[in-house]
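J.: Quick one: this structure, given as structure tokens, is what I'll be asking you about.
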Amino acid sequence: MEDQKRKLAAIVFTDIVGFTKLTAKDQTLASSLLTKQREAFKPIVESHGGTWLKEMGDGLLLIFDTVTEAVNCCIKIQEEAKTIEQMVLRIGIHQGEILMLENDVIGDDVNVASRIEAFSAPGGIAISGKVYDAIVREMHYQTKYLGKPKLKGVGQEVTVYCIISHGLPETNLAEVAAKLEDVRPKWFYPAIASLLLVPLIVYFSFFRGEKIDSIAVLYMDVGNDPELSYLEAITEDIIFDLTSSSQGLLKVSESVEVKKYKENSDISVNDVAGELGVDFVFWTKVQQDGPGFKFRYRLYDSDAQKDRFLKTDYIEKNSLQSILGVLISKIVDELDIEQSEQFVRLEYDPESYNLYLQAKSLYTLAKSSEDNNKAISMMEDAISKDDNLVMAQIYLGTMLYDMGNYSQASVIYEKALSKSKSLQDNASMAESYRKQGQLLRKKKDYPGSLAKFSEALSMSTVMNDKSSMAKTLNSMAILNWRTKEKDEALKNWLSALAIVEELGDKPKISKYLNNIGIWYRDDSDYSKSVEYYQRSLEIKETLGDVRNISKTLNNIGNVYFMMGDYENSVEFYGKSVEIKEKLEDNKGLASTLNNIGETYFYQQNYDQALKSFRKSISYGGNNKDNVFDNEKYMGISHYYLGNFDSCNVYLKRADDYYSMSEVKRMPILPYLIIAKQKVGDNQASRDLLKEFKRIAENNDAEKKDFILANWASYEVLSLLGETKEAKAFLENAYFEVKSRSRDIKNKSDRNKYLSSTFHSKINDAWSN
């Protein structure tokens with residue numbers, strides 16, 4: 001009876017490309033190739049902890065305990081294969097449960113693994129979705145989604161990817177398309193037009209080999225005429241329509257990227273092209289001309305360093321809405337861009353379109369609630385004059401959403417969706433679905449939100465509107481994050497990131513990198529978090545996005561603080577403060593200075609901590625939580641400096657403020673007990689000790705202060721000679737430090753955390 005054992009394993013199948021033909025042509029050479037395979041690859045497999053299970057003709061069956069070992073081994077094998085003449089391999093990797101026999105393995109997952117290899121390019125590696133899930137967090141692995149394979153006799157759903165990093169070739173989808181299922185989701189919108197669209201999308205997405213053009217559409221130049229400033233809003237409509245209609249064949253810079261050039265009219269279009277890294281720049285200037293407008297526009301070719309065209313058109317005021325179609329047509333015709341058949345451009349009532357532009361401009365520049373209300377009223381008038389103007393309905397919904405009027409926003413979004421369906425306006429449908437999803441997410445209707453996002457993703461996928469796809473994937477990731485589906489959140493953020501990197505959309509790249517940095521921070525992978533934050537920061541610096549630079553610097557400081565690297569933490573906080581001072585961002589200054597104070601506090605640099613806390617209070621005087629949190633730390637700092645009068649004053653104020661929250665009092669009371677004793681108020685000290693013991697018996701300190709509160713309790717009770725009780729609090733502090741350290745993914749980060757000043761002090765006390 002054979003020994004049988006079930007286990008989870010990474011399963012690898014390999015195949016030599018063209019081996020059958022080689023055998024028929026030259027058996028000796030073929031036999032020699034098998035010998036070379038064994039001699040070259042077996043040591044590699046063994047060095048990666050793999051099992052060389054068996055050879056099947058020219059193929060190999062390998063087993064590994066972990067996915068990472070399997071992937072790294074296969075990459076090394078492909079590198080080595082390049083050095084051996086006629087050794088061209090296809091490799092497939094899957095993870096699953098196997099039944100181990102003496103010299104063999106069986107099981108459904110073995111069958112899957114044997115079929116994955118066929119989706120590899122010659123010299124490449126194909127992987128299943130389970131392998132992808134295991135390596136997706138590692139930045140040095142880059143993959144491409146291929147689809148769902150048709151696998152006969154397999155009782156599970158399988159997805160397949162190829163690895164495209166480490167010099168590995170990408171699978172040609174044209175060669176494997178017949179082996180893939182139709183990947184359109186079940187919730188595909190039924191009114192999506194013809195079946196011819198799918199091959200069209202596939203062709204343009206995957207088989208078109210030429211370089212994709214890129215363009216920046218600058219904000220419309222209205223000169224010094226404030227009455228024409230509302231026409232600048234046309235620019236955002238041009239960007240939206242170009243992005244939605246171009247089927248991914250034109251990379252369009254986002255409005256936030258070009259906005260900075262509004263105030264810098266002296267910069268040349270060639271310099272703009274260089275800064276943004278685009279092939280073309282589109283520029284428009286408008287002037288009042290009698291009862292209408294004169295539009296002068298140019299398309300600049302950065303490679304040729306000359307204009308592709310320079311034209312002038314006269315548009316009557318009552319035909320203003322037509323300029324959108326005119327300008328876009330000029331661009332796509334000149335660049336020979338085939339627009340999506342699913343994109344609909346309508347003619348609108350002239351007065352309606354004018355009101356829409358004015359309302360949008362007023363809302364963007366609003367300085368008061370009166371301005372906001374006036375903008376909403378104008379947008380409502382625009383819609384009443386022409387309800388085919390769906391973009392006005394969507395924008396109105398967004399204005400109401402921003403102002404917290406969710407019920408009205410919901411009604412407007414639904415009207416926008418209904419109208420866009422009747423007009424077969426897929427771009428507006430996608431945006432309406434996405435906006436509805438955001439609203440439902442805000443209202444915590446998470447299943448409803450996911451359904452709307454799915455519909456939005458379906459529509460944008462059909463149009464191959466990659467910008468819309470990325471925005472929706474980001475929205476879905478945020479939803480996943482809130483519903484604690486962390487792995488799904490990361491997948492969606494990485495997918496969104498891949499799309500905007502392809503588009504060269506720097507603001508979105510920076511945003512999604514920042515979001516992924518947050519993900520890794522909360523996953524306690526601090527080095528990885530800093531890596532993503534740093535990448536985000538570099539892009540923000542190139543964009544000159546000063547306000548968000550300060551936020552990212554603060555975020556990096558937070559991560560270093562969490563890993564106990566206090567020196568780097570103070571450095572990045574300090575850089576953030578410098579920017580916030582220039583911006584006169586008092587709220588931000590109060591928060592970051594508080595962070596600096598806490599960092600100095602945990603470094604036991606109490607004098608510097610006090611300076612930072614005082615400065616924080618001076619900027620955040622209206623924020624009572626910030627003030628009294630600062631005073632808590634200031635009081636404890638004075639305790640360690642031996643200033644018991646000051647300690648008593650600050651801690652008493654903080655304790656009074658938090659009197660209704662027992663958990664917030666727990667790090668305060670121990671030090672206040674000693675402070676009262678030191679200033680001679682022994683009765684108050686005894687009363688507080690009694691109060692503290694009652695609270696401690698019934699509560700745990702909140703997570704933020706848990707370690708500090710237990711350490712404080714240990715210190716104070718030790719001073720009072722209550723050794724047994726003190727030991728119990730020290731135990732709480734010590735094991736919480738150990739528990740948090742075990743969650744830290746990176747060994748170096750873990751060591752920094754454990755060796756920080758504060759945690760070392762706790763460890764030393766426990767050891768003694």
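The values are calculated or read from the model by the stated rules, or taken from the named source; none is laboratory data. Source: prediction; values computed, not measured. Because the Cβ atoms are built from the backbone with ideal geometry, glycine has one as well, and the counts that use them run over all protein chains shown.
J.: Considering the range 436-451 alone, what residues qualify as being in contact with a Phe, Trp or Tyr (Cβ under 8 Å, 6 or more places away or on another chain) and either over 19 Å from SER418 (Cα atoms) or surrounded by fewer than 15 Cβ atoms within 10 Å (Cβ to Cβ) (or both)?
T.: Scanning the range 436-451 gives LYS442, LYS443.
J.: Keeping to the range 399-427, report how many residues are without any contact (Cβ under 8 Å) to a residue 60 or more places away in the chain, surrounded by 20 or more Cβ atoms within 10 Å (Cβ to Cβ) and within 29 Å of the chain's Cα centre (by Cα).
T.: Of the residues in that region, 7 qualify.
J.: Strands (runs of 3 or more DSSP E) wholly in the range 231-334 with at least 3 residues that are under 27 Å from LEU362 (Cα atoms) - which ones?
T.: 280-289, 292-301, 306-316
Condition check ((1) surrounded by fewer than 23 Cβ atoms within 10 Å (Cβ to Cβ); (2) in contact with a Cys (Cβ under 6 Å, 6 or more places away or on another chain); (3) under 26 Å from LYS664 (Cα atoms)) across all residues:
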site: GLY574; (1), (2), (3): yes, no, no
site: GLU584; (1), (2), (3): yes, no, no
site: ILE596; (1), (2), (3): no, no, yes
site: ASN623; (1), (2), (3): yes, no, yes
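J.: Have a look at GLY57, GLY49 and point out the one that is at positive phi and under 40 Å from the mean Cα position of the chain (by Cα).
T.: GLY49
Residues checked against (1) within 24 Å of the chain's Cα centre (by Cα); (2) within 16 Å of LYS506 (Cα to Cα); (3) of a type in the set (A, V, I, L, M); (4) at pLDDT 85 or above:
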residue	(1), (2), (3), (4)
TYR230	no, no, no, no
THR235	no, no, no, yes
PHE240	yes, no, no, no
GLY248	yes, no, no, no
VAL256	yes, yes, yes, no
ASP266	no, no, no, no
ASN270	no, no, no, yes
ASP279	no, yes, no, yes
PHE282	no, no, no, yes
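J.: Moving on. Give the number of residues within the range 515-547 that are out of contact with any Pro (no Cβ under 9 Å at 6 or more places or on another chain), buried (at least 20 other Cβ atoms within 10 Å of the Cβ) and in a helix (DSSP H, G or I).
T.: The number of residues fulfilling the criteria is 14.
J.: Additional query: Which of the residues that make up the range 729-768 are basic (Lys, Arg) and surrounded by fewer than 17 Cβ atoms within 10 Å (Cβ to Cβ)?
T.: Within the range 729-768, the subset basic (Lys, Arg) is 738, 740, 742, 745, 747, 750, 752, 761.
Once the filter is applied, which keeps residues that are basic (Lys, Arg) and surrounded by fewer than 17 Cβ atoms within 10 Å (Cβ to Cβ), the range 729-768 yields LYS738, ARG742, LYS745, LYS747, LYS761.
Rundown of residues vs (1) without any contact (Cβ under 8 Å) to a residue 60 or more places away in the chain; (2) under 28 Å from LYS444 (Cα atoms), yes/no style:
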| position | (1), (2) |
| --- | --- |
| SER467 | no, yes |
| ILE478 | yes, yes |
| ASP487 | no, yes |
| LEU497 | yes, yes |
| TRP519 | yes, yes |
| LYS528 | no, no |
| LYS540 | yes, no |
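J.: Among the residues of the range 706-715, is any over 38 Å from the mean Cα position of the chain (by Cα), polar (S, T, N, Q), surrounded by 14 or more Cβ atoms within 10 Å (Cβ to Cβ) and closer than 27 Å to ASN605 by Cα?
T.: Within the range 706-715, one or more residues are over 38 Å from the mean Cα position of the chain (by Cα), polar (S, T, N, Q), surrounded by 14 or more Cβ atoms within 10 Å (Cβ to Cβ) and closer than 27 Å to ASN605 by Cα.
J.: Taking the stated definitions as given, is ILE328 surrounded by 21 or more Cβ atoms within 10 Å (Cβ to Cβ), touching a Phe, Trp or Tyr at 6+ places or on another chain (Cβ under 9 Å), closer than 15 Å to ILE234 by Cβ and at pLDDT below 90?
T.: no
J.: So, one more: Answer yes if at least one residue in the range 494-508 is more than 23 Å from TYR602 (Cβ to Cβ), surrounded by fewer than 21 Cβ atoms within 10 Å (Cβ to Cβ) and touching a Leu at 6+ places or on another chain (Cβ under 8 Å), and no otherwise.
T.: Filtering the range 494-508 down to residues more than 23 Å from TYR602 (Cβ to Cβ) leaves 494-508.
Now restrict to residues that are surrounded by fewer than 21 Cβ atoms within 10 Å (Cβ to Cβ): 494-495, 498, 501-502, 504, 507.
With the extra rule that they be touching a Leu at 6+ places or on another chain (Cβ under 8 Å), the set shrinks to 495, 507.
Yes - at least one qualifying residue is present in the range 494-508.
J.: Let me ask something else. Please go through the range 83-117 and give me each residue that is surrounded by fewer than 17 Cβ atoms within 10 Å (Cβ to Cβ) and either touching an Asp or Glu at 6+ places or on another chain (Cβ under 7 Å) or touching a residue at least 60 places away in the same chain (Cβ under 8 Å) (or both), ordered by number.
T.: Within the range 83-117, GLN86, GLU97, LEU99, LEU101, GLU102, GLY107 meet the criteria.
J.: Considering only residues of the range 149-200 that are on the phi > 0 side of the Ramachandran plot and modelled with pLDDT of 65 or more, which is farthest from the chain's Cα centre (by Cα)?
T.: GLY167
J.: For the range 435-453, does any single residue satisfy the condition of being of a type in the set (Ser, Thr, Tyr), at pLDDT 90 or above and either farther than 26 Å from ALA134 by Cβ or assigned to a helix (DSSP H, G or I) (or both)?
T.: yes
For (1) over 12 Å from LEU593 (Cβ atoms); (2) not assigned by TED's automatic domain parsing to the domain that holds LEU672, each residue gets a yes or a no:
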{"site": "GLN603", "(1), (2)": "yes, yes"}
{"site": "GLN608", "(1), (2)": "no, yes"}
{"site": "LYS611", "(1), (2)": "no, yes"}
{"site": "HIS638", "(1), (2)": "yes, no"}
{"site": "LYS652", "(1), (2)": "yes, no"}
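J.: Going by the structure shown, is SER510 part of a helix (DSSP H, G or I), of a type in the set (Gly, Ala, Ser) and in contact (Cβ under 8 Å) with a residue 40 or more places away in the chain?
T.: Answer is no for this residue.
J.: Could you list, in sequence order, all residues of the range 80-104 that are over 18 Å from PRO169 (Cα atoms) and outside any loop (DSSP other than H, G, I, E, B)?
T.: Selection gives HIS94, GLN95, GLY96, GLU97, ILE98, LEU99, MET100.
J.: Quick one: in the range 365-398, of everything that is within 26 Å of GLU316 (Cβ to Cβ) and in contact (Cβ under 8 Å) with a residue 40 or more places away in the chain, which residue is surrounded by the fewest Cβ atoms within 10 Å (Cβ to Cβ)?
T.: Among residues in the range 365-398 that are within 26 Å of GLU316 (Cβ to Cβ) and in contact (Cβ under 8 Å) with a residue 40 or more places away in the chain, the one surrounded by the fewest Cβ atoms within 10 Å (Cβ to Cβ) is ASN388.
J.: Against the conditions (1) in contact with a Pro (Cβ under 9 Å, 6 or more places away or on another chain); (2) at pLDDT below 90; (3) farther than 30 Å from ILE549 by Cβ, where does VAL500 fall short? Just the number, please.
T.: The failed condition is (3).
J.: State all residues of the range 616-647 that are assigned to a helix (DSSP H, G or I), closer than 24 Å to THR757 by Cα and of a type outside the set (Phe, Trp, Tyr); if no residue qualifies, say none.
T.: Correct list: SER616, ASP629, ASN630, GLU631, LYS632, MET634, GLY635, ILE636, SER637, HIS638, LEU641, CYS647.
J.: Kindly indicate whether any position in the range 446-459 is in contact (Cβ under 8 Å) with a residue 12 or more places away in the chain and farther than 16 Å from LYS471 by Cβ.
T.: The answer is yes, given that some residue of the range 446-459 is in contact (Cβ under 8 Å) with a residue 12 or more places away in the chain and farther than 16 Å from LYS471 by Cβ.
J.: Also, quick follow-up: Which condition number does PRO667 fail, the rest of (1) farther than 30 Å from ARG547 by Cβ; (2) part of a helix (DSSP H, G or I) being met?
T.: (2)
J.: Continuing with this model, one more query. Check the range 72-79 and report whether any residue there is surrounded by fewer than 20 Cβ atoms within 10 Å (Cβ to Cβ) and assigned to a strand (DSSP E or B).
T.: Checked against the condition, which is being surrounded by fewer than 20 Cβ atoms within 10 Å (Cβ to Cβ) and assigned to a strand (DSSP E or B), the range 72-79 yields no hits at all.
J.: For the range 31-43, how many residues meet the condition of being surrounded by fewer than 19 Cβ atoms within 10 Å (Cβ to Cβ) and either among the aromatic types (Phe, Trp, Tyr) or touching a residue at least 24 places away in the same chain (Cβ under 8 Å) (or both)?
T.: Total satisfying the criteria: 3.
J.: Given (1) in contact with a helix residue (DSSP H, G or I) (Cβ under 9 Å, 6 or more places away or on another chain); (2) at pLDDT 90 or above, identify the lone condition not met by LYS484.
T.: Of (1) in contact with a helix residue (DSSP H, G or I) (Cβ under 9 Å, 6 or more places away or on another chain); (2) at pLDDT 90 or above, only one is false for LYS484: (1).
J.: Next up: Every residue in the range 716-727 that is among the aliphatic types (A, V, I, L, M), surrounded by 14 or more Cβ atoms within 10 Å (Cβ to Cβ) and part of a helix (DSSP H, G or I), please.
T.: VAL716, LEU717, ALA726
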